[in-house]
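The values are calculated or read from the model by the stated rules, or taken from the named source; none is laboratory data. This one's a predicted model, so the numbers in the text were calculated from it and none came from an experiment. Cβ placement follows ideal geometry from the backbone for every residue including glycine, while neighbour counts extend to all protein chains displayed.
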Amino acid sequence: MKGDIADAALVKGLLARCDAVVNFAAESHVDRSILDSTECFETNVRGTLVLLEAARQAKVARFLHVSTDEVYGDMAPDKWAVETSPLHPSSPYAASKASAEMLVMAYQHTYGVPAVITRASNNYGPYQFPEKFMPLMIANALDRKPLPVYGDGRQERDWIHVEDHCRAIDLVLRGGRTGEVYNIGYGEPRANLDVLHTLLELLDRPASLIQYVTDRPGHDRRYALRSDKITRELGWRPEHSFEDGLRSTAAWYQSHGEWIARVRGGEYREYYERHYQRRDETLSGVGKP
């Protein structure tokens, strides 16, 4: 804890002229957290603590913590997560984000830090790092490489365009109530495999590229958010339809081949080989499939 306070004192100087802190920072890939949870918790939990303490010392007017729908855990087919739903994180990543949320609320309650939390569904759009589902599949499809699909591919995720997410964050930052949580989702969970088939049609690539691989250990089957609260209180609604958003995202990656090549070098290439080309070997010591 002494180190955290010392780090917070250094960060305080950077916040001296800031009106608000928006904490996007996170180790955000579930697979990486499963292989090694240490760095995930160091960034997502300890990092949040450092920022909170610095914000407290600097007396910032608003602390917005960006969280995830994964803190709710697996949702049954007929269930939807609202802001008051219990938290049941399944992966080390989700547990780290839930832990960070508890710190945020503790600092709000104990020290009066004017904090608010957002929980968003899966983002997609331009400039997303290609270890994430959408850019991974698009980049591989463009190169006619195998598309690694976990398990049966029927896991359901709700997708929100990054621009809609950012508009929501801006609204919460300016008008959200202190101490509250706001869900941000599109509201239409879709099976990963269905999304992938749509992408293949957009990219004019064959379904034969799909390669089923060993499922993620402890893989949640379904995430589903209700975003009625942010709509009711702040007037937010997604502006990008999923169909149009997917089309524009695929087109962006098609026209940015140099960017894709640049970010897929170095450490990412090593990660890809370990996690996909040697997947069974990599997961053999992790736990249940």
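Of the conditions (1) surrounded by fewer than 19 Cβ atoms within 10 Å (Cβ to Cβ); (2) touching a helix residue (DSSP H, G or I) at 6+ places or on another chain (Cβ under 9 Å); (3) at pLDDT 95 or above, GLY218 clears all except one; give me its number.
Status for GLY218: all satisfied but (3).
Taking THR84, is it polar (S, T, N, Q), out of contact with any His (no Cβ under 7 Å at 6 or more places or on another chain) and assigned to a helix (DSSP H, G or I)? If you could, list the steps in order and put the result at the bottom.
Details: polar (S, T, N, Q): yes; out of contact with any His (no Cβ under 7 Å at 6 or more places or on another chain): yes; assigned to a helix (DSSP H, G or I): no.
Judged against the criteria, THR84 is not a match.
Select from segment 192-215 the residues that are among the hydrophobic types (A, V, I, L, M, F, W, C) and either surrounded by fewer than 16 Cβ atoms within 10 Å (Cβ to Cβ) or more than 20 Å from the chain's Cα centre (by Cα) (or both) and list them in ascending order.
Looking only at segment 192-215, we keep the residues that are among the hydrophobic types (A, V, I, L, M, F, W, C), and these are 193, 195-196, 199-200, 202-203, 207, 209-210, 213.
If the condition is that a residue be among the hydrophobic types (A, V, I, L, M, F, W, C) and either surrounded by fewer than 16 Cβ atoms within 10 Å (Cβ to Cβ) or more than 20 Å from the chain's Cα centre (by Cα) (or both), then LEU199, LEU200, LEU202, LEU203, ALA207, LEU209, ILE210, VAL213 are the ones that fit.
What residue, among those in segment 109-155 that are small (Gly, Ala, Ser) and farther than 20 Å from ALA261 by Cβ, is farthest from the chain's Cα centre (by Cα)?
Initial filter on segment 109-155 (small (Gly, Ala, Ser)): 112, 115, 120-121, 125, 139, 141, 151, 153.
Retained after the next criterion (residues that are farther than 20 Å from ALA261 by Cβ): 112, 115, 120-121, 151, 153.
Details: GLY112: 27, ALA115: 20, ALA120: 7, SER121: 7, GLY151: 21, GLY153: 19 Å.
Only one residue tops the list, namely GLY112.
Which residue out of ALA106, ALA120 is surrounded by fewer than 21 Cβ atoms within 10 Å (Cβ to Cβ) and hydrophobic (A, V, I, L, M, F, W, C)?
Details: ALA120 fails: surrounded by fewer than 21 Cβ atoms within 10 Å (Cβ to Cβ).
Result of the check over ALA106, ALA120: ALA106.
What residue, of ALA9, ALA98, is assigned to a helix (DSSP H, G or I) and under 18 Å from GLY179 (Cα atoms)? Break it down into steps so the answer makes sense when it comes.
Numbers: ALA9 fails: under 18 Å from GLY179 (Cα atoms).
So the residue among ALA9, ALA98 that is assigned to a helix (DSSP H, G or I) and under 18 Å from GLY179 (Cα atoms) is ALA98.
Restricting the search to segment 229-274, which residues are surrounded by 16 or more Cβ atoms within 10 Å (Cβ to Cβ) and in a loop (DSSP other than H, G, I, E, B)?
Answer for segment 229-274, where residues must be surrounded by 16 or more Cβ atoms within 10 Å (Cβ to Cβ) and in a loop (DSSP other than H, G, I, E, B): TRP236, PRO238, HIS240, ARG264.
Kindly indicate which of VAL21, VAL71, VAL50, VAL66 is β-branched (Val, Ile, Thr), more than 15 Å from the chain's Cα centre (by Cα), surrounded by 14 or more Cβ atoms within 10 Å (Cβ to Cβ) and closer than 19 Å to VAL181 by Cα. Spell out the reasoning first.
Values: VAL71 fails: more than 15 Å from the chain's Cα centre (by Cα); VAL50 fails: closer than 19 Å to VAL181 by Cα; VAL66 fails: more than 15 Å from the chain's Cα centre (by Cα).
Answer to the check: VAL21.
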